[in-house]
1. Anything in segment 15-30 that is under 16 Å from Thr110 (Cβ atoms) and polar (S, T, N, Q)? List them, or say none.
2. Applying the selection to segment 10-23, what residues are touching a residue at least 40 places away in the same chain (Cβ under 8 Å) and either open to solvent by 90 Å² or more (accessible area, probe 1.4 Å) or closer than 12 Å to Arg121 by Cβ (or both)?
Amino acid sequence: MTEKLLSPLRTRPWPERWLTRTLGAVLATAAYALCVPSGAVPASDEAHGGAGVALAVILVVLAGYFGHRDDLAWPLLVVAVGPAVLMYVSFEAERPLAWASATLVIAAGTLVVAGVGRWFRPREEDSNDGLLCAAAHRS
């Protein structure tokens, strides 16, 4: 079971890949909707301390998980796009700079944590390793 939950998504059947990505996007969007009051900036005092920390922890865990399992662009799409869209919808027209800066923080954090998650992947065997070893044994 652990192998199925931590194996690279590209090795899984396509329905499982898309279901996993969709579930991750729904979790990230729901976490934002539950933790941040409508119209509040996540990095401000309007997002109350505990809720802001809970949102950050949930997004960090999701970004690390999808960074470990998927290609580098997918965590950005799965984790950061849902909250960014909800922020865009909930902010009034006079706060585009707040939306842009909050979206940038979430996206940059997602990419950094996804990169760390990729770093913890098991090393994949290079397809040329076997050929080089076979050539060395022939000589």
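1. Thr29
2. Matches in segment 10-23: Arg10 only.
Let's see how each residue does on (1) in a helix (DSSP H, G or I); (2) modelled with pLDDT of 90 or more; (3) more than 20 Å from Val116 (Cβ to Cβ):
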residue: Pro15; (1), (2), (3): yes, yes, yes
residue: Trp18; (1), (2), (3): yes, yes, yes
residue: Leu23; (1), (2), (3): yes, yes, yes
residue: Leu27; (1), (2), (3): yes, yes, no
residue: Pro37; (1), (2), (3): no, no, yes
residue: Ala40; (1), (2), (3): no, no, yes
residue: Leu62; (1), (2), (3): yes, yes, no
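The values are calculated or read from the model by the stated rules, or taken from the named source; none is laboratory data. What you are looking at is a predicted structure, and each value in this text was computed from that prediction instead of being measured. Cβ atoms come from the backbone with ideal geometry, glycine included; neighbour counts cover every protein chain shown. Remember, those area values only see protein heavy atoms, side chains included, never the ligands or the DNA or RNA. Shrake-Rupley method; radii C 1.70, N 1.55, O 1.52, S 1.80 Å.
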